[in-house]
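The values are calculated or read from the model by the stated rules, or taken from the named source; none is laboratory data. The structure displayed is predicted, hence computed values, not measured ones. When we count neighbours, we look across all protein chains shown, and the Cβ atoms used for this are built from the backbone with ideal geometry, even at glycine. Surface accessibility is based on the protein's heavy atoms, side chains included, excluding ligands, DNA and RNA. Shrake-Rupley method; radii C 1.70, N 1.55, O 1.52, S 1.80 Å.
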Amino acid sequence: MKITVILCTYNRCRSLATALDSVAASSLPAAVDWEVLVVDNNSSDATAGVVKDFSSRFPGRFLYLREPQPGKSYALNSGIREASGDILAFMDDDVVVEPTWLERLTNAFREGEWKGAGGRILPQWSCTPPHWLSLEGRYSLAPLALFDLGSTAGELHEAPFGTNMAFRKEMFSKYGFFRTDLGPHPDSQIRSEDTEFGHRLLEAGERFWYEPSAVVYHPVVADRLQKAYFLAWWFDKGRAEIREHGPNPGTRYFVWGIPLYMFRNLARRLLLWTVTFESRARFLCKVDVWQKVGQMAECSRRVRAGPADSGAPGRASVPGGPPPASTLTPDNQR
């Protein structure tokens with residue numbers, strides 16, 4: 001088994017050095033062959049020099065690849081094509097991984113039944129959480145890219161998050177690459193490229209493993225602990241949901257491309273927001289409103305864009321090849 005860790009980065013040379021330091025300290029059996037492939041998504045800072053430094057200090061361990069097409073999914077897909085491992089693990093450029101992270105995350109692949117794996121993403125708080133932010137609930141902290149299903153290992157029935165996940169490389173040949181109409185882009189902050197891929201595999205019947213001892217620490221910075229950030233994230237999450245799934249199957253009635261049931265759902269959410277007064281509960285209601293408005297905005301945009309913008313999954317046309325052109329077109333070219 002050979003493992004390639006794919007790390008995509010853009011103009012974060014300082015946090016990148018910290019992330020690479022942490023993965024360089026990984027503890028794996030001597031028999032395990034592994035590498036870290038850093039995909040530079042056209043950075044203008046000292047990113048290339050940081051990777052060159054690690055490559056010289058750890059010969060053969062750190063590799064550098066430049067992807068000039070803006071957009072994280074383009075960088076991810078380039079990394080997948082260039083990776084030599086049969087197991088691909090993913091981490092971000094602003095996290096710290098435990099020394100045992102890579103071994104624990106990929107150990108399940110020694111058994112053939114598991115095609116994907118995910119671990120815990122825990123917070124590194126740099127400040128006190130604001131009073132309006134609920135720390136309870138499965139997805140209340142989703143905009144902070146945190147993922148924690150508890151301390152019990154077992155089968156994973158949902159998509160893992162992008163900074164702590166791994167897949168057999170063959171899954172990308174079989175099901176296609178990351179969708180490039182999803183994922184951060186200079187012209188769009190719509191995300192969900194990672195979870196959409198996981199959903200695609202789960203819906204096809206592939207099985208994932210949850211390994212809580214594979215731990216990644218994600219910094220929680222003050223500028224993300226703002227209501228505006230959370231609301232924008234959930235608005236874009238609503239847009240991503242429509243790109244991934246479309247409106248409810250069987251929907252018949254639309255206004256400006258928006259299903260009528262969405263107007264009813266929005267009215268209920270607005271009413272609940274109006275009559276809720278406790279700060280945390282009230283903000284969660286507001287988040288629901290923004291998410292629904294994002295769904296409606298994306299439905300309307302799809303009508304304006306025309307039938308070519310179907311939002312279909314990015315299946316590879318040939319093994320190892322890119323998704324079809326209809327899914328490779330970024331927003332600013334539609």
**Q.** Structure-based [θ]222 nm, the chain - -39500 (n - 2.57) summed over DSSP H runs of at least 4, per residue, nearest 500
**A.** -11500 deg cm²/dmol
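Tell me the relative contact order for the stretch 22-141 as a rounded percent, counting alpha carbon contacts under 8 Å between residues six or more apart.
Across the stretch 22-141, relative contact order equals 28 percent.
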Q) For the stretch 98-112, what does the Karplus curve 6.51 cos²θ - 1.76 cosθ + 1.60, with θ = phi - 60°, yield as ³J(HN,Hα) per residue in whole Hz, taken in order and with x for Gly and Pro? A) 6, x, 8, 3, 5, 5, 5, 5, 9, 4, 5, 6, 5, 9, x
Q. Taking a probe of 1.4 Å, how large is the accessible area per residue of the chain, in Å²?
A. 45 Å²
Q) For Leu272 and Ala46 in the same chain, what is the full-extension length gain: residue separation times 0.36 nm, less their Cα-Cα distance, in nm? A) 76.5 nm
Q) So how far apart, in nm, are the two label points at Arg301 and Ala222 if each is 7 Å from Cα heading toward Cβ? A) 3.1 nm
(Q) Please give the charge dipole size of the chain, origin at the Cα centre, charges +1 on K and R Cβ atoms and -1 on D and E Cβ atoms. Round to the nearest 20 debye. (A) 1060 debye
**Q.** Cross-link pairs beyond the 31 Å C-alpha cut-off, checked among Lys52/Lys237; Lys115/Lys237; Lys115/Lys286; Lys72/Lys227; Lys52/Lys72
**A.** Lys52/Lys237; Lys115/Lys286
Q: Can you grab the distance from the C-alpha centre of the stretch 47-123 to the C-alpha centre of the stretch 130-188, Å, no decimals?
A: 15 Å
Q: Return the distance in nm (one decimal) between the two label points of a simple spin-label model at Arg207 and Ala30, each offset 7 Å from Cα along Cα→Cβ.
A: 3.4 nm
Q. Ser173 to Leu135: extension gain in nm, 0.36 nm per residue of separation minus the Cα-Cα distance?
A. 9.8 nm
Q | Signed unit charges on C-beta, dipole axis of the chain, positive-most listed residue Leu88, Ala305, Ser78 | A | Ala305
Q. Given a 1.4 Å probe and the protein chains all in place, what does the accessible area of Tyr261 round to, in Å² to the nearest 10?
A. 40 Å²
Q: Counting other Cβ atoms within 10 Å, keep those with at most 13, restrict to DSSP loop, and tell me which GluC sites (Glu not before Pro) in the stretch 85-191 are left.
A: Glu111, Glu113, Glu136
Q: List the residues whose amide H sits under 5 Å from the amide H of Val5, counting only those 5 or more places along or on another chain, with H placed 1.01 Å from N in the peptide plane.
A: Glu35, Val36, Leu37, Ala89
Q.
Under the rule a/c < 1.5 gives rounded, and otherwise a/b versus b/c splits prolate from oblate, where does the stretch 136-231 land using the Cα gyration tensor?
A. oblate
Q. Which of the trypsin sites (Lys or Arg not before Pro) found in the stretch 252-300 are in a DSSP loop and have at most 11 neighbouring Cβ atoms, other than their own, within 10 Å?
A. Arg252
Q | Cα convex hull of the stretch 27-167 - mean projected area over all directions, nm² | A | 10.8 nm²
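Which whole-number percent is the relative contact order of the stretch 148-258 (Cα, under 8 Å, 6+ apart)?
34 percent
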Q) Counting only the heavy atoms of the protein chains, how much of Lys52 is accessible to a 1.4 Å probe, in Å² to the nearest 10? A) 150 Å²
Q: Starting from the amide H of Phe177, placed 1.01 Å from N in the peptide plane, find each other amide H under 5 Å away whose residue is 5 or more places distant or on another chain.
A: Ala316
Q) Under a 1.4 angstrom probe, counting protein chains only, how are Leu271, Leu76 ranked by accessible area, largest first? A) Leu271, Leu76
Q | About the Cα centre, charge dipole magnitude for the stretch 1-105 (Lys/Arg +1, Asp/Glu -1 at Cβ), debye | A | 140 debye
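Output the direction-averaged projected area (hull surface divided by four) of the convex hull of the alpha-carbon atoms of the stretch 76-147, in nm².
Averaged projected hull area, Cα only: 6.9 nm².
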(Q) Give the residue list of chymotrypsin sites (Phe, Trp or Tyr not before Pro) in the stretch 78-177 that are DSSP loop and have at most 12 other beta-carbon atoms within 10 angstrom. (A) Tyr139
Q. In whole percent, how big is the carbon plus sulfur part of the accessible area of the chain, probe 1.4 Å, protein atoms only?
A. 55 percent
Q | Percent antiparallel among DSSP beta bridges (both partners in the stretch 91-217, rounded to 5) | A | 55 percent
**Q.** Amide H partners (placed H, <5 Å) of Leu156, local residues excluded
**A.** Phe208, Trp209, Tyr210
